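What follows is calculated from the coordinates using simple rules that are stated; it is not laboratory data. Every value quoted in this text rests on a predicted model; they were computed, and no experiment measured them. Backbone-built Cβ (ideal geometry, glycine too); neighbour counts: all protein chains shown.
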Amino acid sequence: MKRRILTAALTLTLALSSASCGKKDESDANGIKIAYLPITHSLAVLEEAEELEKESGLKVELIKYGSWNELLDALNSNRVDGASVLIELAMKSKQEGIGIKAVALGHHDGNVIVVANDISSAADLKGKTFAIPHRQSSHNILLNDALATAGLTVDDVKVTELAPTEMPSALASGQIDGYCVAEPFGAMGVNLGVGKVLFSSEELWKDSLCCGLVLTDKFINERTDDAKSFVESYKKAGNSLDKAKAKATAKKYFSQSDEVLDISLQWISYNDLDITEEEYNTLAEKVKEYGLSDNPPTYSEFVKNDF
């Protein structure tokens, strides 16, 4: 079983690495360059890319990256026009003076707390090792929320940052006792039988925000009509993504089994991707409460809904 898990994780890691090494940073001046990671949280932008070109002739060049740090570097340096990205990472970039705006959500829900099979409650996590992909993430917030249900804080556990591809095998080997990460890696652990779902995101944080679609100020200001068309098409694509269509799109871009995708897509939806002020303000308060940032950007500074 462990050999099977480690082989699967290694195969996926190599696939992500090779995709990243072969990425392009240049495209047709009339195209739109959008960065993404191969996760189910980015399915709306993947679905939209084909539809937008069919409808308007506006080509979306999807540029795959293997890590959030690589993706952020491209976004923050204007090598891409936008990205599907962890919204907390984008907030941090905005706080540091990077010219970007959040224009839509990536999805609703879609995160789970996965724990070893011998853990039955949040209280059992005391003294255990828990993995998140990045400190600036909703996965970190959800860990804090989960611990709070048992009167615990992150000081009561050992928090480690791991690459998403490493988490299922790390749980199987006993290196970690639980994790929270973008899908489909939670579903991988469940499907392999090495862990179980302790909490789904909606149980901990109703209407939680996780990934968002962001565009650079440069792109918005210089190509406002294209930015408007892109955002409108993106939201339309999200509304069209029922479970069957989402699975078909995922299978075009990801090397994942039907079983993993079926589990993962039970937890997520892509309709109504507007970022509301109420939801964003809740996120900003959690970011401050759990120490991700003392001064996150305000809704008016960071979110653009008016094209």
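In the chain, the DSSP beta bridges split such that about 60 percent are antiparallel, to the nearest 5.
Projected label points at residue 197 and residue 78, each 7 Å from Cα along the beta carbon direction, are separated by 4.3 nanometres. Please report the relative contact order for the chain, taking Cα pairs under 8 Å with a sequence separation of at least 6, and give it as a percent rounded to a whole number. That works out to 26 percent. Look at the dipole of the chain built from charges on Cβ: of 76, 229, 132, the Cα furthest out on the positive end belongs to 132. When log10 I(q)/I(0) by the Debye sum over Cα atoms at q = 0.09, 0.13, 0.15 Å⁻¹ is computed from the coordinates, the matching label among (i) -0.41, -0.89, -1.19; (ii) -0.57, -0.96, -1.25; (iii) -0.60, -0.92, -1.09 is (i).
List residues of the range 56-78, by number, whose backbone nitrogen lies under 18 Å from a label position 7 Å along Cα→C-beta of residue 255. Those under the cut-off are 64-67.
If R0 equals 22 Å, the separation of the Cβ atoms of residue 224 and residue 59 corresponds to a calculated FRET efficiency of about 0.80. Starting from 0.36 nm per residue, how many nanometres of slack lie between residue 262 and residue 128 once their C-alpha separation is accounted for? This chain segment gains 45.3 nm when fully extended. What you get for the range 112-204, charging only the Cβ of Lys and Arg (+1) and of Asp and Glu (-1), is a dipole of about 140 debye around the Cα centre. Placing +1 on the Cβ of every Lys and Arg and -1 on the Cβ of every Asp and Glu, with nothing else charged, gives the range 208-290 a dipole about its Cα centre of roughly 400 debye.
Comparing 178, 57, 31 in a Gaussian network model of the chain where C-alpha atoms under 10 Å apart are linked, the largest mean-square fluctuation is found at 57. Label point of residue 121 set 7 angstrom out along Cα-Cβ; within the range 141-178, amide nitrogens under 16 Å from it belong to 146-153. Between the alpha-carbon centers of the range 134-204 and the range 230-307, tell me the distance in whole angstrom. For the range 134-204 versus the range 230-307, the Cα centre distance is 19 Å.
About its Cα centre, the chain has a charge dipole of approximately 980 debye under the convention of +1 per Lys or Arg Cβ and -1 per Asp or Glu Cβ, with nothing else charged. Given their separation in residues at 0.36 nm each and the Cα-Cα distance between them, residue 50 and residue 294 gain 83.9 nm when the chain is fully extended.
Here the gap between residue 282 and residue 301, fully extended at 0.36 nm per residue and compared with their Cα-Cα distance, gives a gain of 5.3 nm. For the range 112-204, relative contact order (Cα pairs under 8 Å, six or more residues apart, normalised by length) works out to 46 percent.
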